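Here is the structure we will look at.
The values are calculated or read from the model by the stated rules, or taken from the named source; none is laboratory data. None of the values given here were measured: they were computed from a predicted structure. Positions of Cβ are generated from backbone atoms using ideal geometry, with glycine treated the same way; all protein chains shown enter the neighbour counts. The accessibility values were calculated without ligands, DNA or RNA, using every heavy atom of the protein model including side chains. Shrake-Rupley method; radii C 1.70, N 1.55, O 1.52, S 1.80 Å.
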Amino acid sequence: MSDSSAETSDSSNFIRNIIDADLASNKVSTVVTRFPPEPNGYLHIGHAKSICLNFGIARDYNGRCNLRFDDTNPEKESVEYVNSIRRDVEWLGFSWYSNPFASDYFDQLYAYAIDLIKQGLAYVDSQNADEIRANRGTLTEPGVDSPYRDRSSQENLQLFEAMRNDEYEDGEHALRAKIDMQSPNINMRDPVLYRIRHATHHNTGDKWCIYPLYDFTHGLSDAIEGVTHSLCTLEFEDHRPLYDWILDNLETPSRPVQIEFARLQLEYTLTSKRKLNMLVNEGHVSGWDDPRMLTISGMRRRGFTPESIVSFCDAIGITKKDSTIEMGVLENALREDLNVRAVRRMAVINPLKVVIENYPADQEEFFDGANHPQNPDYGTREVPFSREIYIERDDFMEDAPSKFFRLSPGREVRLRFAYYITCKEVIKNEAGEIESLVCSYDPESRGGKSPDGRKVKGTIHWVSARHAVDARVNLYDRLFTSANPGAAADFHQALNPDSNILMDNAKFEPSIELANNPIAYQFERLGYFISDYDSSNDNPVFNRTMTLRDSWAKIEQSR
RNA sequence: UGGGCCGUCGCCAAGUGGUAAGGCACCAGGUUUUGAUCCUGGCAUUCGUUGGUUCGAAUCCAGCCGGCCCAGCCA
């Protein structure tokens, strides 16, 4: 069970280089990081990158990493999200040093705000939101000072206290930092620190009617927790001067540093929370944990292992460069992990009946099938065989090219673990569709070898009809047909209509465990599969996690 | 066009003045009772570009070109 593949993140990156230097110069002694999601949605593959970075650094440097909920906007947040985020982080295999809410610091944050006011570095602005926006200027034009900018500390203190004491309506006043309305960096043009918001907070209830904003809260929360390296995505680069301004002007327990890295972009997927929401709300997927969604919960249901996700994150690296990762990297990480752990079974997803004419009707026998071809520790299971079997429709072709190593009229193939069979006759219905096959078998070839040493190129999988278990199988493919659905004017155009195909007539060999459980199976020659949450012995439902690599399909395509 | 950031193989990515790691993908072989896995070999005379500094530059300097981000009382 233990992970044999060394997950030593020996891959260096610019953030680890900075940490190495900080350690070498004794600037820091213990590395402290944090993963700070806002509990306003489900975690996705992009968050996994940040989780692996932050928790991975803490692990490798014998430091600490907190899971901190950045919950300063009560209207968007809920305990449902808090719980799902905790679950996902744990499922990925990480444990936090502590798990605070930014809202735990509201009292301290309020005190810091008062400190700023006393220093004359913050003021209560009584302009409304539209006026503030109008006076902020543009990217190329400076802003103009608020008429309330020069209120006395005394007046600001009174006003701010009154804001806190529920004496005003939402939007009537706001606390702003007094920095520079002419700054070329718009974030420094007197950013709003606190707004009045009469909303119930998932953690603090109705205790507060004013809430601090991200820029004021984040650095201070980092400082309170002793975070040494505050790692965030590139779009916050412009906020760093403000992050520093807050910490430079306040006496805090520690002095963290913000470092930015590039957000994950993956081909064929969407990671914008807003668009993910649309997929769910418009019914294009069954929910946040739909197996086609690259949410952590969706990937879990799809059959991804946490190890494969961590290994993917290791593979893509950390830089400041905007880049888009090819799907193949994720697929490879998944296959690599599943290949070593998946239990092999035979299942037929699109069945074609084969009658073996020279095999006695009342006879049955059992073969020992290896549960893993490379790992004998996985043992074997008994695979029943009888006169009538199912094979995959794709494994038969009436007019087959010479390179087709499977079954066709007059040709011989090996049934995995069992016998060589030769196709004698094709039975069709009135419509000319192939209904079944009549084959003969070579009793001498039992076990899959013949005494005369003749070679058969193809080996196909099969399931004994008499012993087969009926099941349903969900085939999944990428949700979008375009590599960059987010760039399209309307991502709906790029939706893949065939992203989920239900095969409701699958035949399983009897040794497959049907109820919902975490066993990863490889159905030989088909791919990796896992039982769905809804699966039961009475109503088995499996999800295809990933196909096997298929070089035959590639050859066929190029023809 | 104000400010910030980025540009090394098809996609990622090491490299921090001493002569281009690695992964994915791809190509060619070998093993194979999964056209899977596994194994072997191939795949950047060149680091956006042009100049400069230097015995020596992907690494330092300057210009140019291309891309991304910022005008929420969101995070």
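Hey, among the residues in the range A:448-495 that are near RNA strand B (Cβ under 9 Å from one of its atoms) and open to solvent by less than 50 Å² (accessible area, probe 1.4 Å), which one's nearest to A:N516 (Cα to Cα)? Don't jump to the end; show me each part of the working.
Pass one, the range A:448-495, residues near RNA strand B (Cβ under 9 Å from one of its atoms): A:448-449, A:455-461, A:487.
Filter once more, keeping what is open to solvent by less than 50 Å² (accessible area, probe 1.4 Å): A:448, A:456, A:458-461.
Working: A:G448: 33, A:V456: 38, A:G458: 33, A:T459: 30, A:I460: 28, A:H461: 24 Å.
Only one residue fits best here, namely A:H461.
Among (1) under 39 Å from the mean Cα position of the chain (by Cα); (2) acidic (D, E); (3) away from RNA strand B (no atom under 13 Å from the Cβ); (4) open to solvent by 20 Å² or more (accessible area, probe 1.4 Å), there is one condition A:D145 misses while meeting the rest; what is its number?
Of the numbered conditions (1) under 39 Å from the mean Cα position of the chain (by Cα); (2) acidic (D, E); (3) away from RNA strand B (no atom under 13 Å from the Cβ); (4) open to solvent by 20 Å² or more (accessible area, probe 1.4 Å), the odd one out for A:D145 is (1).
Say whether the condition of being more than 16 Å from RNA strand B (Cβ to nearest atom) and touching a helix residue (DSSP H, G or I) at 6+ places or on another chain (Cβ under 7 Å) is met by at least one residue in the range A:514-531.
Checked against the condition, which is being more than 16 Å from RNA strand B (Cβ to nearest atom) and touching a helix residue (DSSP H, G or I) at 6+ places or on another chain (Cβ under 7 Å), the range A:514-531 yields no hits at all.
Within the set of pairs 6+ apart or on separate chains, which have a first residue in the range A:319-345 that is within 15 Å of A:R302 (Cα to Cα), a second that is near RNA strand B (Cβ under 8 Å from one of its atoms) and not in a helix (DSSP H, G or I), and C-beta atoms under 6 Å apart?
Every condition considered, the pairs that remain are A:A342/A:Q522.
Of the numbered conditions (1) of a type in the set (D, E, K, R); (2) farther than 30 Å from A:F160 by Cβ; (3) away from RNA strand B (no atom under 14 Å from the Cβ); (4) open to solvent by 40 Å² or more (accessible area, probe 1.4 Å), A:E251 fails exactly one; give the number of that condition.
Of the numbered conditions (1) of a type in the set (D, E, K, R); (2) farther than 30 Å from A:F160 by Cβ; (3) away from RNA strand B (no atom under 14 Å from the Cβ); (4) open to solvent by 40 Å² or more (accessible area, probe 1.4 Å), the odd one out for A:E251 is (2).
Which numbered condition in (1) open to solvent by less than 50 Å² (accessible area, probe 1.4 Å); (2) farther than 28 Å from A:L338 by Cβ; (3) without any contact (Cβ under 8 Å) to a residue 60 or more places away in the chain is the only one that A:L407 fails?
The failed condition is (2).
Cβ-Cβ under 8 Å, sequence separation 6+ or interchain: first residue in the range A:528-539 and without any contact (Cβ under 8 Å) to a residue 60 or more places away in the chain and among the polar types (S, T, N, Q), partner open to solvent by less than 10 Å² (accessible area, probe 1.4 Å) and not in a loop (DSSP other than H, G, I, E, B). Which pairs?
These pairs meet every condition: A:S531/A:F542; A:S531/A:N543; A:S535/A:F542.
Could you please let me know if A:P212 is within 11 Å of RNA strand B (Cβ to nearest atom), in contact with a Ser or Thr (Cβ under 8 Å, 6 or more places away or on another chain) and closer than 30 Å to A:C65 by Cα? Outline the logic, then answer.
On the way: within 11 Å of RNA strand B (Cβ to nearest atom): yes; in contact with a Ser or Thr (Cβ under 8 Å, 6 or more places away or on another chain): yes; closer than 30 Å to A:C65 by Cα: yes.
When the stated conditions are applied, A:P212 passes them.
Has the range A:39-47 got any residue that is outside any helix (DSSP H, G or I) and closer than 16 Å to A:Q258 by Cβ?
no
Looking for whichever is under 30 Å from A:G226 (Cβ atoms), in a loop (DSSP other than H, G, I, E, B), more than 10 Å from RNA strand B (Cβ to nearest atom) and at pLDDT 95 or above here; the options are A:S84, A:S98. Which one fits?
A:S98
What are the pairs, 6+ residues apart or on separate chains, where a residue within the range A:369-392 that is among the basic types (K, R) has its Cβ under 7 Å from a residue that is surrounded by 14 or more Cβ atoms within 10 Å (Cβ to Cβ) and assigned to a strand (DSSP E or B)?
A:R381/A:G369; A:R387/A:V355; A:R387/A:I356
Of all residues in the range A:420-447, which are without any contact (Cβ under 8 Å) to a residue 60 or more places away in the chain, in a loop (DSSP other than H, G, I, E, B) and either within 14 Å of RNA strand B (Cβ to nearest atom) or open to solvent by 50 Å² or more (accessible area, probe 1.4 Å) (or both)?
Correct list: A:E430, A:A431, A:E433, A:R446.
Condition first: surrounded by 23 or more Cβ atoms within 10 Å (Cβ to Cβ) and part of a helix (DSSP H, G or I). Now tell me which residues in the range A:280-297 satisfy that.
A:I296
Can you pull out every residue in the range A:296-313 that is over 15 Å from A:M327 (Cα atoms) and not aliphatic (A, V, I, L, M)?
Across the range A:296-313, the qualifying residues are A:S297, A:G298, A:R300, A:R301, A:R302, A:G303, A:T305, A:P306, A:E307.
Within the range A:298-328, which residues are open to solvent by 10 Å² or more (accessible area, probe 1.4 Å) and under 21 Å from A:N517 (Cα atoms)?
Result: A:R300, A:R301, A:R302, A:F304, A:T305, A:P306, A:E307.
Working carefully through the options A:Q182, A:Q158, find the one that is out of contact with any Cys (no Cβ under 8 Å at 6 or more places or on another chain) and in a helix (DSSP H, G or I).
On the way: A:Q182 fails: in a helix (DSSP H, G or I).
Within the list A:Q182, A:Q158, the selection yields A:Q158.
Suppose we filter the range A:115-141 for residues that are surrounded by 14 or more Cβ atoms within 10 Å (Cβ to Cβ) and assigned to a loop (DSSP other than H, G, I, E, B); how many remain?
Residues meeting the conditions: 5.
Checking the conditions here, which among A:E435, A:E392, A:E430, A:E382 is more than 24 Å from A:D470 (Cα to Cα) and charged (D, E, K, R)?
Among A:E435, A:E392, A:E430, A:E382, only A:E430 is more than 24 Å from A:D470 (Cα to Cα) and charged (D, E, K, R).
Touching a Lys or Arg at 6+ places or on another chain (Cβ under 9 Å) and away from RNA strand B (no atom under 16 Å from the Cβ) - does that describe any residue in the range A:547-554?
The answer is no; no qualifying residue exists.
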